[in-house]
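Shown next, in structure tokens, is the structure this report addresses.
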Amino acid sequence: MIAAGLQALLSHWWRHPFQLVTLMLGLATATALWSGVQAINAEARASYDRAAQTLAGPARDTLARRDGEPIAQETYIALRRAGWAVSPLLEGRLDLDGTSLRIIGVDPFTLPAEDLPEELGQSGVDLSFLTPPGQLVVDQDTADRLEGTDLPPRITGRNVPPNAAYVDIGTAQRLLGRNGELSRLVVTGPSDLTAPPLEEVAPDLVREAPETGGGEIARLTDSFHLNLTAFGLLSFAVGLFIVRGAIGLAFEQRRPVFRTLRALGIGRGVLLGLLSAELLVLALIAGTLGVALGWLIATMLLPDVAATLRGLYGADVEGTLSLRPVWWLAGIAIAVLGTAIAAAGSLVQVARLPLLAPAQPRAWARASAATMRWQAVGAVLLAVTGLLVGWVGSGLVSSFLLLGSLLVAAALMLPIFLHAVLAGLARVTRGPLAEWFWADTRQQLPGLSLALMALLLALAANIGVGTMVQSFRLTFTGWLDQRLAAELYVTTETDAEGRRLQEFLAPRVDAVLPIRSADGEIAGRPVEFYGFAHDVIYTDHWPLIDQSPDVWTRVSSGQAVLVNEQLARRADLWPGDEIALPDGENVPVAGVYSDYGNPNAQAMIGLDRFDALFPGIPRRQFALRLDEGRVEKLTRALVTEFGLPPGNISDQASVKQFSLAIFERTFAVTSALNVLTLGVAGFAILTSLMTLATMRQPQLAPVWALGLTRARLARLELLRAALLAALTFVAALPVGLMLAWILLQVVNVEAFGWKLPLHFFPRDWLVLAGLSLLAALLAGLAPARRLVRMPPSDLLKVFANER
Amino acid sequence: MRRRTLILGAGATLAAGPLRAQGFAGLGETSETFAQPSPDTRLVFPGDHAPHPAFRIEWWYVTANLAAADGTPYGVQWTLFRSALAPDGPTDGWGNPQAWMGHAAVTSETRHLAAERLARGGIGQAGVTVDPFRAAIDDWALEGPSLTDVTMRAAGTDFSYDLRLAAQGPFVLQGDEGYSVKSASGQASHYYSQPFYRAEGTLRLPDGDVEVTGQAWLDREWSSQPLDEGQNGWDWFSLHLDGGEKLMGFRLRGTGPDFTAATWIAADGTPTPYPDGAFGAEPLETARVAGRDVPVVWRVTLPDHGLDVTVRALNPECWMPLAFPYWEGPFMVEGSHSGGGYLEMTGYE
């Protein structure tokens, strides 16, 4: 009996293969977008973890020079000979045709085995690692990438961070051309009983608490990953609308079958069990398909994500994806969960199915006034909850909750909005055809509303994110112009060279402005201090978003500081507030400047005060003001006459170009996901129209019989699709702008620490409106063509079948 | 012979490597590319106090039997091992193939404190120079104008010592003119000693500083494969007898019969070497140390000199829990003769 019941239920899919395809595709795309994003995030996090585990383990102190300069090898030997348990480390980047390889030079003799890559720790260090040419321990990816280079031989290590090579310290010095230099010393244990204090042996070194490199990177990039997750979730939600539509339709059409089966003696529980089993199998198949698809998406997007993370945060992320079983399981689980959510309503209806009610299929989920009322109540509740969470809560998660609930509320309100507009239109038009058209459109609304909601979400997301990105770009380019006011930026190799450079430049440029920086602390937070020389370049151009009178005079004389927006917002420091400088003196904040693209807190102070605060900081960076026409000539002179490596000179144009390139890449992923979401929504409309078309013969036949040609009817069908899409776009526009506002004013502040002004881009909206019309028309085309070609006999049959 | 060595060989396992299947710590591995000891070599001082980098392994090994003013006995060990990863290579820079290892320990009746150091040559972190003499790794050093007059310093996280050693007698060649045979199949090393150091100085222990005086013994030995493949452990004894005589004797254990050798050193430094079988060492009592049974009371005999003594460890817990673990500690001598000395035991699993 159960087998027969199952066969009866499944036969539906044989007869409606297109519905099956819709269901599977909807579920697969939803799963794909979701798990694709998850895969990207997981890969990035795994990379951070591995980077954090690198040598020097996460839990060891290190010694470094106060001024950030390399440590002389003699200092290391002196410390060892004084009884300090330290191990040398030399880190650097090796340029390889456009890319770079992180070199980590270690001394296996003094570094504890657990800090070394397993491959060295276990097999024992051998001569070929220690002595020239040495060996590189790299991960498989990097090994493949280095194929064919003339670097020392490679060994593959399992836990080596991406794009990094462990080498012997001697090999590192040779490869990086830094003989006798070390970057840091790892404190591997307590010093000997007789060891003198650090100040006596190496006064220029400071002991630093364990570097939580990976942890720090993970924290900084959290917002980026949350952004991706939010997008994945949005895409998943849009996909679920399709699934809900397909499942609802399939259940609705099978109502007579359910009734018959129940009448034949299959219990309610058994029927529900059979249906659940059927859905589970479908979900498993579609989920697997979706995860595979998601993997494909992730593989295509990951290089961009990796480039972004490297550019924005300096985080090394592998460009290729590794398959993780957990991720497969999670993807399939989310597919099953999604199916359950989408099918819950339909299953409840089946459970309540009155056995003796007529088995006539109604238009499923008929738009009753009650349903609409419930939707309205739901929408208002959601919106209120969202606002409450956004108002009370803080942090990125609550911002996204606010966003999500407002979006869903807007989607729930859409049918009500469309209904009202259509009713209004019906009132102002005259004539039987027009009245039928409006009435018929309203009649179709329930069947289309899920697809239209999906479209609304996709459009709103598109408008919101597009507006955010464009506003950001506009602000960012303007800011770059202000901030990068100097024509040339030059770095020398030593302080002495810096002094010579200033003499060399004095007769050649309008101004040489030294730039110095040091790490310090304000209000318990790590802050990068910048020392700057007073110049009109700052007073005229520096992008201040808040200031007190005489800001530049006070800051350059050292009586006050400027802080960047990130610091101002995080520590709530605004003009008038006071901060303690590293020497303990309190000074007021005189102004706040915008500092886009920098994840860290920053403060600026006059150069003399800076030098007093941070003595011994290298003096090697200079900004040069000169006539734009002379930039090229001076660059040549710096290289040929002064002998500066070309890599140490950057001109304003190329810095700008580089910054903008990073910016574009940052949002490349967002745009890609945006397009995918819109595609899913278009697909939702297509499937809804196609399924509706098969059910609409009874409604169209009488109109045809009254004299309307099939071609005319088809045109009206197309017009209706376009009209609904247009109305949905109109509804989506304010929702999208609200989304953009929240992204710019709330999410950006939480994620990056800066607030951005909202700009409007009507031309983008026109393009998007055109796109959504096009999608609706394309989706309507197939059903319309079928209508045109439908044999009149089919339409006549409607009357024959009239019950 | 002195033993130990631990750093070992080509492909040295520097960090907590497992004991090799062959011999203890790789000492039984063949090593044709390195120089081999020759019975024709005559040792010259002070030149031979310096490293012999063409040989695979070498050590500067000092043990001291000391006592505080109130008679409380102490033992001190200071050892620098050299192990060549390759027979040749650059002398300067990180590419230098010489690996160095230091072991230091202080023992009392109730305590045994030990520490270990690893370093490579070529960068100034470890090495040996002769004029003036300095053998050092990190802050541990055996240094002075010459090897007959040195200070010996070492420290761990919980102890340190600073001793002055002044030789009261000549350097003593072990075996046949410093050529010391280690097995029936002819494995050998170059080996000499300075057993006549008078020692005084300070030990810094968790309970406070202790002024000590006593006697110390230096062993110098180098080779490339001192053990036969079938040998996997040894028991090595150095005895300071109250009459001023010294005795060095060892027993090598392996799959075949034990191999023993000894040198009787008269109070004026005249050595008498003894071939296999003359020296006897027989365990009387064992103690459970670091999860294994280790003999801590021995009967030691050299009938030629009427020597028949019981050797009793000052502290049975003299385990050196280092990369290559072994037992090393001071003992008391009773019986036909009395005195003190040092015992090293390896290969007890």
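The values are calculated or read from the model by the stated rules, or taken from the named source; none is laboratory data. Bear in mind that the values here come from a model prediction, so they are computed numbers and not experimental data. Quick reminder, even Gly has a Cβ in these numbers, built from the backbone with ideal geometry, and neighbours come from all protein chains shown. Please note that ligands, DNA and RNA were not included when accessible areas were found on the heavy atoms of the full protein model with its side chains. Shrake-Rupley method; radii C 1.70, N 1.55, O 1.52, S 1.80 Å.
Worth pointing out:
- Cβ-Cβ under 6 Å pairs, at least 6 apart or on other chains, the stretch A:17-30 side farther than 19 Å from A:Leu296 by Cβ, far side surrounded by 21 or more Cβ atoms within 10 Å (Cβ to Cβ): A:Gln19/A:Ala246; A:Gln19/A:Ala250; A:Thr22/A:Ala246; A:Thr22/A:Thr687; A:Leu23/A:Ala246
- Taken over the stretch A:511-543, the criterion of being hydrophobic (A, V, I, L, M, F, W, C) and not in a strand (DSSP E or B) is satisfied by A:Ala523, A:Ala533, A:Val536, A:Ile537, A:Trp542.
- Selected residue (criterion: least open to solvent (accessible area, probe 1.4 Å)) from residues of the stretch B:128-161 that are polar (S, T, N, Q) and part of a strand (DSSP E or B): B:Ser160
- Total residues in the stretch B:59-96 satisfying the condition of being within 14 Å of chain A (Cβ to nearest Cβ) and hydroxyl-bearing (Ser, Thr, Tyr): the figure is 2.
- Residue within the stretch A:151-168 that is within 14 Å of another protein chain (Cβ to nearest Cβ), under 16 Å from A:Leu116 (Cβ atoms) and modelled with pLDDT of 90 or more present: yes
- Spans of helices (runs of 4 or more DSSP H) in the stretch A:660-757 with at least 2 residues open to solvent by 50 Å² or more (accessible area, probe 1.4 Å) and at pLDDT 75 or above: A:697-705, A:710-742
- Only one of B:Ala104, B:Ala115 that is hydrophobic (A, V, I, L, M, F, W, C), surrounded by fewer than 24 Cβ atoms within 10 Å (Cβ to Cβ), touching a residue at least 24 places away in the same chain (Cβ under 8 Å) and within 11 Å of chain A (Cβ to nearest Cβ): B:Ala115
- Within the stretch A:128-140, if we keep just the residues that are part of a helix (DSSP H, G or I) and open to solvent by less than 50 Å² (accessible area, probe 1.4 Å), the residue that is farthest from the other protein chains (Cβ to nearest Cβ) turns out to be A:Phe129.
- Of the numbered criteria (1) farther than 30 Å from A:Thr670 by Cβ; (2) modelled with pLDDT under 90, the one A:Ala172 fails is (2).
- Checking the stated criteria, B:Ala199 turns out not to satisfy the condition of being assigned to a strand (DSSP E or B), within 14 Å of chain A (Cβ to nearest Cβ) and surrounded by 20 or more Cβ atoms within 10 Å (Cβ to Cβ).
- Any hit, the stretch A:105-117, residues being in contact (Cβ under 8 Å) with a residue 40 or more places away in the chain, open to solvent by less than 10 Å² (accessible area, probe 1.4 Å) and away from chain B (no Cβ under 14 Å): no
- Checking each residue in the stretch B:218-256 for being small (Gly, Ala, Ser), open to solvent by 10 Å² or more (accessible area, probe 1.4 Å) and not in a strand (DSSP E or B) picks out B:Gly230, B:Gly243, B:Gly244, B:Gly256.
- Count of the stretch B:257-299 residues which are in a loop (DSSP other than H, G, I, E, B) and of a type in the set (Ser, Thr, Tyr): 1
- Qualifying residue in the stretch A:758-765 (condition: within 30 Å of A:Leu387 (Cα to Cα) and touching a Leu at 6+ places or on another chain (Cβ under 6 Å)): yes
- Residue within the stretch A:544-564 that is touching a strand residue (DSSP E or B) at 6+ places or on another chain (Cβ under 6 Å), acidic (Asp, Glu) and in a strand (DSSP E or B) present: yes
- Scanning the stretch B:52-80 for residues that are open to solvent by less than 40 Å² (accessible area, probe 1.4 Å), over 26 Å from B:Glu200 (Cβ atoms) and not β-branched (Val, Ile, Thr) yields B:His52, B:Phe55, B:Arg56, B:Glu58.
- If the condition is being open to solvent by 10 Å² or more (accessible area, probe 1.4 Å) and over 19 Å from B:Leu43 (Cβ atoms), then the stretch B:162-173 contributes B:Asp162, B:Arg164, B:Ala166, B:Gln168.
- Cross-chain or 6+ apart pairs with Cβ under 6 Å, the stretch B:152-167 first and at the interface with chain A (Cβ under 7 Å from one of its Cβ atoms), then crowded, with 19+ Cβ neighbours inside 10 Å and in a strand (DSSP E or B): B:Gly156/B:Ala115; B:Phe159/B:Val106
- Residues in the stretch A:169-183 that are polar (S, T, N, Q), within 14 Å of chain B (Cβ to nearest Cβ) and surrounded by 15 or more Cβ atoms within 10 Å (Cβ to Cβ): A:Thr171, A:Gln173.
- Filter pass, A:Val317 being among the β-branched types (Val, Ile, Thr), within 16 Å of the chain's Cα centre (by Cα) and either modelled with pLDDT of 85 or more or not in a helix (DSSP H, G or I) (or both): yes
- All conditions in (1) in a strand (DSSP E or B); (2) buried (at least 24 other Cβ atoms within 10 Å of the Cβ) hold for B:Trp94, with the sole exception of (1).
- Of all residues in the stretch B:293-326, those being surrounded by fewer than 19 Cβ atoms within 10 Å (Cβ to Cβ) and closer than 25 Å to B:Thr263 by Cα number 9.
- Helices (runs of 4 or more DSSP H) contained in the stretch A:194-269 and holding at least 3 residues open to solvent by 40 Å² or more (accessible area, probe 1.4 Å) and modelled with pLDDT of 80 or more: A:255-263
- Matching residues in the stretch A:63-102 - criterion: being modelled with pLDDT of 80 or more, away from chain B (no Cβ under 14 Å), within 34 Å of the chain's Cα centre (by Cα) and open to solvent by less than 40 Å² (accessible area, probe 1.4 Å): A:Gly92, A:Leu94, A:Leu101
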